[in-house]
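Report on one structure; see the data block that follows.
Laboratory data are not the source of any read-out in this text; all were calculated from the coordinates shown. On a predicted model such as this, the values are computed, not experimentally measured, just so you know. Every residue, glycine as well, gets a Cβ built from its backbone with ideal geometry; the counts of neighbours run over all protein chains shown.
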């Protein structure tokens with residue numbers, strides 16, 4: 001695990017990377033919701049990962065980055081691609097065909113809480129009382145939002161898919177930690193491109209089997225949303241996340257996720273006109289406080 005010794009490197013560059021990552025990551029839910037209005041989820045994701053992967057690998061090759069050096073690196077890249085792209089994004093895109101983008105963003109923003117809980121339960125990591133309070137508060141906020149939305153008639157299956165996707169994203173974060181700690185995964189952008197192709201190779205066949213190109217409407221909004229989702233959250237945000245974790249460690253980097261509930265709900269409200277009631281507002285505030293408390297406790301520990 002990354003120790004507190006990495007914390008002093010949290011300088012202005014790390015702050016800028018963290019803020020930009022949080023915004024790009026949060027905005028992906030809204031751009032995905034826009035694209036899903038004109039294309040089915042798995043064909044959309046398969047094409048997105050193919051484009052993003054080819055672009056990332058081409059840029060990495062021009063920059064002189066090499067392919068992974070050993071079997072361990074290939075295994076980690078495959079696991080990361082399966083967890084983040086195939087499972088997390090696949091399940092979230094499927095869920096967002098029936099639930100709002102802001103709700104999906106809130107559930108996914110519980111990532112730091114899940115990582116802290118897995119570290120505590122699975123690896124015996126110590127968590128001070130502030131962290132325990134943050135975990136309880138964060139999960140309570142998510143449950144509050146989910147309960148209010150279920151009472152309001154939101155699709156419970158879509159909610160369940162988002163929860164499973166969030167667990168897969170937590171697993172992907174642990175894989176990133178292993179990749180940055182062990183090295184050997186090749187250049188950062190090369191690894192990003194390869195794990196994108198893993199997502200395309202797994203999801204595109206599912207789209208071909210269960211979806212139809214007749215359901216794709218070639219509109220300007222689809223083109224813009226598809227391009228933005230593939231390049232900005234897909235390539236740029238993932239690369240920024242790799243570099244941020246390498247710079248300040250997974251624990252400190254995950255602290256920026258406390259911005260995701262507000263960013264995700266705010267972008268969806270502005271661009272999609274999604275309603276935000278008082279239960280959502282209270283839940284977002286509680287989740288944000290919980291995530292901040294967990295990360296502060298883990299950094300101090």
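Can you tell me the FRET efficiency between residue 118 and residue 289 if r is taken as the Cβ-Cβ distance and R0 is 22 Å, rounded to the nearest 0.05? All intermediate terms of the calculation are to be shown ahead of the outcome.
Details: r = 21 Å, r/R0 = 0.94.
With a Förster radius of 22 Å, E is 0.60.
Calculated mean residue ellipticity, 222 nm, the chain: -24500 deg cm²/dmol, from DSSP H runs (n ≥ 4) at -39500 (n - 2.57) each, averaged per residue and rounded to 500. With 0.36 nm allotted per residue and the present C-alpha distance subtracted, the residue 66-residue 155 stretch has 27.6 nm of extension available. Note: relative contact order over the range 76-233, using C-alpha pairs below 8 Å and six or more positions apart, is 45 percent.
For q = 0.09, 0.19, 0.21 Å⁻¹, what log10 I(q)/I(0) does the range 1-126 give under the Debye formula with an equal point scatterer on each alpha carbon and no solvent? Those come out to -0.37, -1.37, -1.37, one per q.
Relative contact order for the chain: what percent, with Cα pairs under 8 Å and sequence separation of 6 or more?
Numbers: 494 pairs, mean separation 129.2, N = 301.
After rounding, I find 43 percent.
The alpha-carbon atoms of the chain define a convex hull whose volume equals 127 cubic angstrom per residue. In this label model, residue 54 and residue 210 are separated by 2.6 nm, measuring between points 7 Å along each Cα→Cβ vector.
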